[in-house]
Amino acid sequence: MSLTQTSERARRRDYRIPLGILLFSVALAAPFIGSRYVVHALIIALVFMLPAHGLNLLVGYTGLLSLAQAAFFGIGAYTAGLLAIGYGTPFYVNAVVAGLAAGAVALPLGVPALRLRSTSFVMCTLGFVIIGQAIAKNWISVTRGDMGLSGIPKPYFELGPLSFTVGGTTGFYYLALAIGILATLAVFAVVRSPAGRNMVAIRENETLAESLGVPTWHYKLIVFMLSAVFAGVGGSLYAHYLTVVSPLTFQMYYSTTMLIIVLGGGAGMISGTIFGSLLFVGLTEALRITPELRMIAYGLCLLVLVFWFKQGFAPVINRVWNAIGGAK
Amino acid sequence: MVSTLIEQIVNGIVTGSVYAIVAVGMTMIFGVLRAINFAHGEYYMLGTFGAWFAIDYLGLSYEASIVVGILSTIVIAYVVGQLVMRRMVGAPAESGVLATLGIALVLQNTVILVFGGGYKFFSGGYIEPVSILGFSLAEQRVLILVVCLLVFIGLELMVTHSRMGKAMRAVSQNVECCEVVGIDVPQVVLRTFILGAALAALSGVLTAPVNVSVYGGMGELITFKTLPIIIMGGLGNVRGTFFAAMILGIAESLVATYVGLQYRDTVGFATLILMLMWRPHGLFSTQARF
């Protein structure tokens, strides 16, 4: 029995590694293949992939449906923008501080919010976005109110004696790609660790997980903060790329976009989030679809996902991937 | 000083009436479906747009436009109810949130796509001031107050006396038992949903002359105002919703006068978060039901 299986395997070659390398080289070569606009669309997709990765940890692995991601995204964007304008700090400092700031804000917000369940938790997280927008509009001495922050400088690096500025679309694309890959590896490490298995246990049955000795409360709080850190780093990329941050960074539109990336790609799957951000943000941006039409498409997608494709579209992709790759 | 205060409270009560008519539909839908309808404000917007369309394009009078606004909303609500809301019976809370968010996105952006995203002027309504007890109040505001009272008296009677009201209460208590005794649960859900949407549209049409401007994003704002109200009132509690809406309306109008207009829209959500922390079962009930 086992012998026949081995021979079967031997005949079918596993193409997944070469295919992965091919896709990676396409990603590397994208600025030379695609037009400037396509590269712009890819950057936007990569920017949104970060908060979506965080949300995936929260929704997909721990089972907490949150709409607060836009609030942390906005906090990250404002932190990075203020640092870059006020102190002219290098990009990596901005990104790290933005992530930490978002994570630090998530702690006092998470403590009360995570005591709530299902719908109440969703509404509470929605409240964070609304209140965040009000603060960004009214704390004029810091955020400049409705005018927002403008003229955020291009990201620049200072590595010992070497200092350089990342200018132009191509340069920024590689920066976003590098951060995107780092973030994906970080999520991968979290998910594959024992902590990741505990998170899944909380998603599947919180009471049972707790009875087996998983400190569910700490896990939920840490994952909530971790998702905020991802959103904050994404926000710093956003601020540096668009060079403008306004109170409208705190809006439901962004939370919904991140949610649709995660659910549409397939919650609880890393490949799903990557695929989702390319499909729902990259493709719609590349096709220059108007925001209204895009939101209608998102809305219809949500309905289809809730009632028909509960797993998102990633399982379909995975099946194709395995079929091409030749795995059983 | 005192007269400003009283004026603001009266204004708050009018605003509260507007919220109350929208929120009561939302809370009744929660009662039968156990799902927060994040799209509820969109029916308010649809009603207003229906009336605006009737006045601006069809040249109808304001009275006729009320009927057009509500009827068009009922038709849309029927379609949404048949396609989506009926499927939500017994579904987990998360899918209710996601499905209604999806509906909100579709309805809001379809309207923006068809009519454009700009502000539109709503002409019509009774804006002549009348004097009551020394206060001058626009006729339209008096109308809103009267309609609000009539709606709540009507709903109270319906819920306690009519067959439909009894079925609604039964469904909100136990879905399985309703199926056993032969209550058509999806039918009750559909009817409650349409009733709620029609009430939201009624509120929208009545408020339009006061707000003057009509735009596609107005529904979302109302949804965010009514979410705290239905939590404060105790989910599924019709009478509690009425008082909660009044409290929030008055609080908003006082904050706008004495703290600053820009903080008005956060009162609701600040209240919501405080409510969820300390009294998630609402101000008017003693035990948590959900």
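A few notes on this one:
- Residue tally, condition charged (D, E, K, R) and either touching a residue at least 60 places away in the same chain (Cβ under 8 Å) or within 14 Å of chain B (Cβ to nearest Cβ) (or both), over segment A:305-324: 1
Yes or no, residue by residue, for (1) more than 14 Å from chain B (Cβ to nearest Cβ); (2) in a helix (DSSP H, G or I):
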residue: A:GLY213; (1), (2): yes, no
residue: A:ALA228; (1), (2): yes, yes
residue: A:ILE260; (1), (2): no, yes
residue: A:GLY272; (1), (2): yes, yes
residue: A:GLU285; (1), (2): yes, yes
residue: A:LEU303; (1), (2): no, yes
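- Listed by first and then second residue, the pairs linking a residue in segment A:46-66 that is under 23 Å from A:TYR238 (Cα atoms) to a residue that is of a type in the set (Gly, Ala, Ser) and assigned to a loop (DSSP other than H, G, I, E, B), with Cβ atoms under 7 Å apart and 6 or more places separating them unless they lie on different chains, are A:LEU55/A:SER66; A:ASN56/A:ALA267; A:LEU58/A:SER66; A:VAL59/A:SER66; A:VAL59/A:ALA267.
- Segment A:27-56 - residue that is at pLDDT 80 or above, more than 13 Å from A:ILE274 (Cα to Cα) and hydrophobic (A, V, I, L, M, F, W, C) and, of those, surrounded by the fewest Cβ atoms within 10 Å (Cβ to Cβ): A:VAL38
- Going through (1) surrounded by fewer than 22 Cβ atoms within 10 Å (Cβ to Cβ); (2) within 19 Å of B:VAL18 (Cβ to Cβ); (3) not hydrophobic (A, V, I, L, M, F, W, C) one by one, B:SER61 falls short only on (2).
- Residues of segment B:68-114 satisfying the condition of being farther than 27 Å from A:GLN311 by Cβ and of a type in the set (Val, Ile, Thr): B:VAL68, B:ILE70, B:THR73, B:ILE74, B:VAL75, B:ILE76, B:VAL79, B:THR110, B:VAL111, B:ILE112, B:VAL114
- Residue in segment B:165-185 that is surrounded by fewer than 17 Cβ atoms within 10 Å (Cβ to Cβ), under 18 Å from B:ALA77 (Cβ atoms) and in contact (Cβ under 8 Å) with a residue 24 or more places away in the chain present: no
- One residue from A:VAL214, A:VAL229, A:VAL244 being under 29 Å from B:GLU220 (Cα atoms), β-branched (Val, Ile, Thr) and surrounded by fewer than 20 Cβ atoms within 10 Å (Cβ to Cβ): A:VAL244
- Qualifying residue in segment B:99-109 (condition: over 21 Å from A:LEU300 (Cβ atoms), within 14 Å of another protein chain (Cβ to nearest Cβ), in contact (Cβ under 8 Å) with a residue 40 or more places away in the chain and among the hydrophobic types (A, V, I, L, M, F, W, C)): no
- Only one of B:ILE112, B:ILE36 that is within 12 Å of chain A (Cβ to nearest Cβ) and surrounded by fewer than 24 Cβ atoms within 10 Å (Cβ to Cβ): B:ILE112
- The single condition from (1) within 14 Å of another protein chain (Cβ to nearest Cβ); (2) part of a helix (DSSP H, G or I); (3) surrounded by fewer than 22 Cβ atoms within 10 Å (Cβ to Cβ) that A:ARG115 fails is (2).
- Residues (at the interface with chain A (Cβ under 10 Å from one of its Cβ atoms), over 14 Å from B:GLY12 (Cα atoms) and in a helix (DSSP H, G or I)) located in segment B:235-274: B:GLN262, B:TYR263, B:THR266, B:PHE269, B:ALA270, B:THR271, B:LEU272, B:ILE273, B:LEU274
- The set of residues in segment B:71-94 that are touching a residue at least 24 places away in the same chain (Cβ under 8 Å) and either at the interface with chain A (Cβ under 7 Å from one of its Cβ atoms) or more than 23 Å from A:LEU263 (Cβ to Cβ) (or both) comprises B:SER72, B:THR73, B:ILE74, B:ILE76, B:ALA77, B:TYR78, B:GLY81, B:GLN82, B:ALA93.
- Any hit, segment B:175-195, residues being more than 14 Å from chain A (Cβ to nearest Cβ), in a helix (DSSP H, G or I), touching a Pro at 6+ places or on another chain (Cβ under 6 Å) and of a type outside the set (Gly, Ala, Ser): no
Rundown of residues vs (1) of a type outside the set (S, T, N, Q); (2) at pLDDT 85 or above; (3) closer than 29 Å to B:MET277 by Cα; (4) buried (at least 23 other Cβ atoms within 10 Å of the Cβ), yes/no style:
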{"position": "A:THR89", "(1), (2), (3), (4)": "no, no, no, no"}
{"position": "A:ALA104", "(1), (2), (3), (4)": "yes, yes, yes, no"}
{"position": "A:LEU126", "(1), (2), (3), (4)": "yes, yes, yes, yes"}
{"position": "A:ASN138", "(1), (2), (3), (4)": "no, no, yes, no"}
{"position": "A:GLY151", "(1), (2), (3), (4)": "yes, no, no, no"}
{"position": "A:GLY160", "(1), (2), (3), (4)": "yes, no, no, no"}
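Residues checked against (1) in contact with a helix residue (DSSP H, G or I) (Cβ under 7 Å, 6 or more places away or on another chain); (2) assigned to a helix (DSSP H, G or I); (3) more than 14 Å from chain B (Cβ to nearest Cβ); (4) not β-branched (Val, Ile, Thr):
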site	(1), (2), (3), (4)
A:MET123	yes, yes, no, yes
A:PHE128	yes, yes, no, yes
A:ASP146	yes, yes, no, yes
A:TYR173	yes, yes, yes, yes
A:LEU185	no, yes, yes, yes
A:VAL191	yes, yes, yes, no
A:ALA201	yes, yes, yes, yes
A:THR207	no, yes, yes, no
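The values are calculated or read from the model by the stated rules, or taken from the named source; none is laboratory data. What you see is a predicted model, and the numbers here were worked out from it, not measured in a lab. All Cβ positions, glycine included, derive from the backbone under ideal geometry; neighbour counts span all protein chains shown.
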